[in-house]
Amino acid sequence: MKIPQIIIDELISQAQQDAPNETCGYLLGTTSDEGDIVTENYWMENIDHSSEHFSFAPKDQFAALKYARGKDLKILANWHSHPASPSRPSQEDLRLANDPTIRYVILSLHEGIHLNSFKILNGEVVDKEVHL
């Protein structure tokens, strides 16, 4: 999956603004022979307001899906920040990663800024891409 620098900068800014709580959203874009290309960050409120986990409001998820469909985009990834831990899925992240068609992106602000995406199947990481 390709994430343009301008989108990465948005994610970093959002994560820093919402810290110490986790922030979250969807990455929207297109799929072609060249792979998945992110074109938009669709921010959603972390309704848990927690530094250790996040949840989307169902109404926000439906709004994101409607928005993506209206712009002929796909939800390519679910993303969230880890303000004080590494860019790797927690046990909770693995347990809640129920959609095998998308990637799971984690932006860490811990010991520098790191951005990785993961393909997760049946609670196991099967692929990792480093983006920053």
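What follows is calculated from the coordinates using simple rules that are stated; it is not laboratory data. Please read all numbers here as calculations on a predicted model, not as lab measurements. Cβ: placed from backbone, ideal geometry, glycine included. Neighbour counts: every protein chain shown.
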Exercise for review: Run down P4, P86, P20 and say which single residue is touching a residue at least 24 places away in the same chain (Cβ under 8 Å) and in contact with a Pro (Cβ under 6 Å, 6 or more places away or on another chain).
Suggested key: P20
Practice item. Restricting attention to the range 121-132, report how many residues are surrounded by fewer than 14 Cβ atoms within 10 Å (Cβ to Cβ) and either closer than 17 Å to E92 by Cβ or out of contact with any strand residue (DSSP E or B) (no Cβ under 7 Å at 6 or more places or on another chain) (or both). Key: 4
Check your understanding: Looking only at strands (runs of 3 or more DSSP E) that fall completely inside the range 1-120, which ones have 2 or more residues that are buried (at least 20 other Cβ atoms within 10 Å of the Cβ) and of a type outside the set (A, V, I, L, M, F, W, C)?
Key -> 24-32, 74-82, 103-108
